[in-house]
Amino acid sequence: MTQDAATRWRPRIRRRNAIGRGFALLTIVSTLLGIAVLIALLIDVFGDGGAQVDGHFLTNYPSRFPEDAGLRSALLGTLWMLVLTAIIAFPLGVGAAVYLEEYAPNNWLTRFIQLNIANLAGVPSVVYGLLGLGLFVRWFALGRSLIAGAMTMALLILPLIIVASREAIRAVPDSQREASYALGATRWQTVFRTVLPAAGGGILTGTILALARAIGETAPLITIGALTFIAFDPTGPMDLFTVLPIQIFNWVSLPQREFHDLAAGGIVILLIVLLLANSIALFVRFRLQRRFD
Amino acid sequence: MEANPTGTRKPDVAASPSANDAAQANGPAKPDVLVTEDLKFWYGKMRALSGISLKIPQHEVMAIIGPSGCGKSTYLRCLNRMNDLIASARVEGRVIFDGEDIYARNVDPVQMRRRIGMVFQKPNPFPKSIYDNVAYGPKVNGYRGSMDDLVEHSLRQAALWDEVKDDLKKSGLELSGGQQQRLCIARALAVEPDVILMDEPCSALDPIATTRIEDLIRELRENYTIVIVTHNMQQAARVSDRTAFFMVDEQSSGTLVEVDETQRLFTAPSDQRTEDYITGRFG
């Protein structure tokens, strides 16, 4: 029997361990490669654009003289866009997610809607631009205003918010809902006092990441006709506007080298806004998870 | 089914053939708080309960024992309509509470659940402070009195007050498993229910925490009617006044074999299957 065991088993421990180490190495290389590209990009952008970023750059309007040009109107436009899009998209997205997870009957229609929302998340952004142009700019006669742009962006990120919120809501264990119902809570009390607070971290993180995606988008806003040259501050939702990515795109497309440096400076500002949004998302997730675990 | 005029009638008048008639003939009859009449239950097409008729007397502990899959938890969850949350669930028969069928069209399950509380198998405190866990039920039910007093009273009843009184702002999830389960009991008590349903409340706890919960159950019997599902026969023997033994029938549907005073059921069961089970011959 002992002799049999030696022939029936071939553990090949060294070989299995070697494969394991090789695989671990592969994953490390993939990680480092991604980070290296990102760092190279950051160094390149900051090298070109870092020098551009000063007080004037932030407070001046765009100009045909590179030394005077700034992105004040574009930065303000992006901030307006961020706030308006959040106001529109957040309640709609969370509302739809709550309905789908907590209220909708589990039938083919619900599943059909869920599948299509997931599909919408993959539709190219320029398509949303065309929809915004036809629906908000022309039919609703909102013109090329901030609000038309924000509504278009809200449509674009709505699927992302719905999907992220649904995931977060589904991650709340049923035992929490049962605990609430067993105390005589109604469905909406259970949703508002138990499910949403427990899912809050995931919902907010998903929303902020979706918003970060929105402020980096150019195509839908170009499609609805956002201007590239704005020499005044947007002061209300009905104002004409431009945003950082459009301003950057505009500068890059000009022939003079000075404008390319300005574009790099614009990218620096855009990256800072994006990183800020992402760190807020991380912070929110950290805070809320600490509270709920 | 006999007619059920709403309101005035005493619940124990809703008589139906039941295995515990004999048992009740002996002791001084306590009014029945919960009576199920021919209760049947389906998950989709699968029948999980085949006509359970059982009377649960006031201020007693009723233990429900039986092998896995015999429908004892399903039965318990029918008593406060927790199974409503399962889309494919279907119920037939009646559950009479306070003279009314809780499955009647005019009964609001939300209102009924306040009076029939539940403690679950795994402690499930909310990810909120100890105070807010206990105050949750009173808040959703529009409690107007002093919340501080109610929270303290509930925690005292659940024998948890002395351990947490200086730390009410601490998250309920930071407590030990046994403390969490007592917090869940305090939470259930805070809405001042008549009945507390306990679904294997000690199965996730260590022996010391289990003993504390068992002591607590015996104390709570003074003021509450308790129905406890347990897979642990010793526990049923220790804490309950009356025990119901469930088994699966030929269609693998849960059925009530026998219900009797706990001492009698464990010493002189009238059904051979009960004897086989409690002597460990199966299950």
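Quick notes on this structure:
- With R₀ fixed at 60 Å, the C-beta to C-beta distance from B:Ala87 to A:Ala51 puts the FRET efficiency at about 0.45.
- With the simple spin-label model, which puts each label point 7 Å out from Cα in the Cβ direction, the A:Ile280 to A:Phe232 separation comes to 2.8 nm.
- Dipole of segment B:11-278 [Lys/Arg +1, Asp/Glu -1 at C-beta], most positive-end residue of B:Thr36, B:Ala204, B:Ile226: B:Ala204
- Each 10 Å bin from zero holds the following percent of Cα-Cα pairs in the protein assembly as shown: 3, 14, 18, 17, 14, 13, 11, 7, 3, 1, 0.
- Whole-percent P(r), segment B:11-278, all Cα pairs, 10 Å bins from 0: 7, 30, 35, 21, 6, 0.
- Estimated Rh, chain A: Kirkwood, alpha-carbon pairs, angstrom: 22.3
- Considering segment A:1-121, its Cα convex hull presents a mean projected area of 17.8 nm².
- Taking the alpha carbon gyration tensor of segment A:135-293, multiplying each eigenvalue by 5 and rooting it gives semi-axes of 40, 20, 11 Å, largest first.
- Relative compactness, segment A:2-52, computed as alpha-carbon Rg over 2.2 N^0.38 Å: 2.36
- Between segment A:169-207 and segment A:119-151, the Cα center-to-center distance that results, in Å: 33
- Per-residue mean of C-beta atoms belonging to partner chains within 10 Å, peptide B:121-129: 5
- Pair A:Ile87, B:Gln121: separation of 7 Å Cα→Cβ label points (nm): 4.9
- For a straight C-alpha distance cut-off of 17 angstrom, the aspartates and glutamates reachable from B:Lys122 (same-chain residues fewer than eight places away being disregarded) are A:Asp174, A:Glu178, A:Asp293, B:Glu174, B:Asp199, B:Glu200, B:Asp206, B:Glu214.
- GNM on chain B, alpha-carbon springs under 10 angstrom: the most fluctuating residue among B:Thr210, B:Thr255, B:Thr225 is B:Thr210.
- Computed from the Cα positions only, the extents of segment B:23-134 along the three principal axes stand at 48, 39, 35 Å, in decreasing order.
- Extension gain for the segment A:Phe112 to A:Glu167, taken as residue separation times 0.36 nm less the Cα-Cα distance, is 18.1 nm to one decimal.
- Over chain A: helical MRE at 222 nm, DSSP H runs n ≥ 4 each giving -39500 (n - 2.57), nearest 500: -23500 deg cm²/dmol
- Degrees between helix B:177-189 axis and first principal axis of chain B (Cα, 0 to 90, nearest 10): 80
- Over segment B:92-250, the ratio between the Cα radius of gyration and 2.2 N^0.38 Å evaluates to 1.07.
- Placing unit charges on the Cβ atoms of the charged side chains and taking the dipole of segment A:126-178 about its Cα centre, the candidate lying farthest along the positive direction among A:Leu155, A:Leu131, A:Pro173 is A:Leu131.
- Computed FRET value (nearest 0.05) for B:Val107 with B:His59, which takes r as the C-beta separation and R₀ as 35 Å: 0.90
- Build a GNM of chain A with springs between Cα atoms under 10 Å apart, and of A:Phe192, A:Phe90, A:Phe136 the one that fluctuates most is A:Phe192.
- 3J(HN,Hα) along segment B:220-232, derived from phi through the Karplus expression 6.51 cos²θ - 1.76 cosθ + 1.60 where θ = phi - 60°, amounts to 5, 4, 4, 10, 10, 9, 10, 10, 10, 8, 8, 8, 9 Hz, with x in place of Gly and Pro.
- Our coupling estimate for segment A:257-271, obtained by passing each phi through the Karplus curve with A = 6.51, B = -1.76, C = 1.60 and θ = phi - 60°, is 5, 4, 5, 5, 5, 4, 4, 4, x, x, 4, 4, 4, 4, 4 Hz, Gly and Pro reported as x.
- Counted residue by residue at 0.36 nm each, then reduced by the alpha carbon distance between them, the extension gain from A:Asp44 to A:Leu26 reaches 3.8 nm.
- Phi angles across segment B:192-202 convert, under the Karplus curve 6.51 cos²θ - 1.76 cosθ + 1.60 with θ = phi - 60°, into 3J(HN,Hα) values of 6, x, 8, 10, 10, 9, 10, 9, 6, x, 10 Hz, Gly and Pro given as x.
Read-outs throughout are calculated quantities, based only on the coordinates presented, and are distinct from any laboratory measurement. Model, not experiment: these values are computed from the prediction. Neighbour counts are summed over all protein chains in view; Cβ atoms, including those assigned to glycine, are modelled from backbone coordinates with ideal geometry.
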